[in-house]
Amino acid sequence: MTGFDPVRVIEVLADHGVEFVIIGGFAAELHGAPIPATQDVDVTPSMAPENLARLSSALDDLSARIRVNNEPDGFAFSHDAASLGRARVWNLTCPSGSFDVTFLPSGTTGYDDLVRSASVLQVHDHPVAVAALADIIRSKEAAGRPKDLATLPALTRWLRAVEGVEPAERDRTLADALDRRRRPSSGGGQGAAGRVKD
């Protein structure tokens with residue numbers, strides 16, 4: 001598999017109408033948090049059957065494969081709405097890099113829990129939710145992995161720093177951060193961010 005192009009992954013999911021929330025380190029990056037750049041994307045989709053069917057179609061377009069150690073190209077797998085919904089996490093790779101589909105991130109109850117406080121970007125005229133910083137912190141605290149705990153001080157400081165920032169300014173930060181991660185081959189125009197609710 002080739003280099004990391006997170007915008008391509010997000011665009012394909014959006015173009016297929018998949019309802020999902022960007023979570024984890026990449027979501028924190030989009031909020032402008034001063035943490036090391038991540039090399040994968042984590043998303044939490046709605047588990048509605050029709051949404052899982054759209055997710056399956058998007059995974060086909062991405063040429064997604066199961067990510068495993070010592071196998072750079074991963075393993076091919078067949079999937080549909082039913083099979084995707086039977087797992088809690090799918091660790092995947094594709095020509096645009098690594099990404100994880102996580103239905104129940106630690107410390108949360110999934111899509112409906114996260115989307116309530118999310119901000120939203122417009123990607124190819126489709127709304128794409130980005131988890132709130134407080135929810136990212138909540139999930140990383142619950143996960144308790146060393147790599148999550150290592151970023152918590154910076155994330156907590158950043159959450160305090162951006163309290164009171166106007167929603168329009170926050171949305172510009174999200175859109176600009178996404179565009180900075182766009183590879184020239186990704187195509188598409190700039191994503192204009194909008195607001196869901198605080």
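The values are calculated or read from the model by the stated rules, or taken from the named source; none is laboratory data. Remember, predicted model here, so these are calculated numbers, not experimental data. Counting neighbours? That spans all protein chains shown, and the Cβs are built from the backbone with ideal geometry, glycine included.
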Of the criteria (1) crowded, with 17+ Cβ neighbours inside 10 Å; (2) modelled with pLDDT under 95, which one Trp158 fails: (2)
Failed condition for Ile35, given (1) part of a loop (DSSP other than H, G, I, E, B); (2) of a type outside the set (D, E, K, R); (3) touching a Gly at 6+ places or on another chain (Cβ under 6 Å); (4) surrounded by fewer than 18 Cβ atoms within 10 Å (Cβ to Cβ): (3)
Residue check for Asp112: farther than 26 Å from Arg157 by Cα, free of Cβ contacts under 8 Å to residues at least 24 places away in the same chain and part of a helix (DSSP H, G or I): no
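Working carefully through the options Leu84, Leu62, Leu55, find the one that is in contact with a strand residue (DSSP E or B) (Cβ under 6 Å, 6 or more places away or on another chain), surrounded by fewer than 22 Cβ atoms within 10 Å (Cβ to Cβ) and farther than 27 Å from Pro167 by Cβ.
None of the other options fit; the residue is Leu62.
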Residue in region 7-30 that is among the small types (Gly, Ala, Ser), free of Cβ contacts under 8 Å to residues at least 24 places away in the same chain, in contact with a Lys or Arg (Cβ under 9 Å, 6 or more places away or on another chain) and closer than 17 Å to Val130 by Cβ present: no
Count - residues of region 133-161 that are touching a Leu at 6+ places or on another chain (Cβ under 8 Å) and not aromatic (Phe, Trp, Tyr): 9
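Could you run through region 4-26 and say how many residues are acidic (Asp, Glu) and assigned to a loop (DSSP other than H, G, I, E, B)? If you could, list the steps in order and put the result at the bottom.
Quick first cut of region 4-26, residues acidic (Asp, Glu) only: 5, 11, 15, 19.
Next, from what is left, pick out any that are assigned to a loop (DSSP other than H, G, I, E, B): 5, 19.
Residues meeting the conditions: 2.
Residue-by-condition table, conditions (1) outside any loop (DSSP other than H, G, I, E, B); (2) modelled with pLDDT of 95 or more:
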{"position": "Thr2", "(1), (2)": "no, no"}
{"position": "Ala28", "(1), (2)": "yes, yes"}
{"position": "Met47", "(1), (2)": "no, yes"}
{"position": "Leu55", "(1), (2)": "yes, yes"}
{"position": "Asp60", "(1), (2)": "yes, yes"}
{"position": "Phe77", "(1), (2)": "no, yes"}
{"position": "Ser83", "(1), (2)": "yes, yes"}
{"position": "Ala87", "(1), (2)": "no, yes"}
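Look at Glu50 and say whether it is surrounded by fewer than 19 Cβ atoms within 10 Å (Cβ to Cβ) and either β-branched (Val, Ile, Thr) or more than 20 Å from Asp179 (Cα to Cα) (or both). Don't jump to the end; show me each part of the working.
Details: surrounded by fewer than 19 Cβ atoms within 10 Å (Cβ to Cβ): yes; either β-branched (Val, Ile, Thr) or more than 20 Å from Asp179 (Cα to Cα) (or both): yes.
Taking the combined requirement at face value, the residue satisfies it.
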Odd one out for Arg67 among (1) part of a strand (DSSP E or B); (2) in contact (Cβ under 8 Å) with a residue 40 or more places away in the chain: (2)
Matching option when the condition is β-branched (Val, Ile, Thr) and at pLDDT 95 or above, among Val165, Val196, Val123, Val101: Val101
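Yes or no, residue by residue, for (1) surrounded by 17 or more Cβ atoms within 10 Å (Cβ to Cβ); (2) over 22 Å from Ser106 (Cβ atoms):
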{"site": "Ala142", "(1), (2)": "no, no"}
{"site": "Asp148", "(1), (2)": "yes, no"}
{"site": "Pro153", "(1), (2)": "no, no"}
{"site": "Asp176", "(1), (2)": "no, yes"}
Condition check for Arg138: of a type in the set (Lys, Arg), more than 22 Å from Ile35 (Cβ to Cβ), touching a residue at least 24 places away in the same chain (Cβ under 8 Å) and surrounded by fewer than 23 Cβ atoms within 10 Å (Cβ to Cβ): no
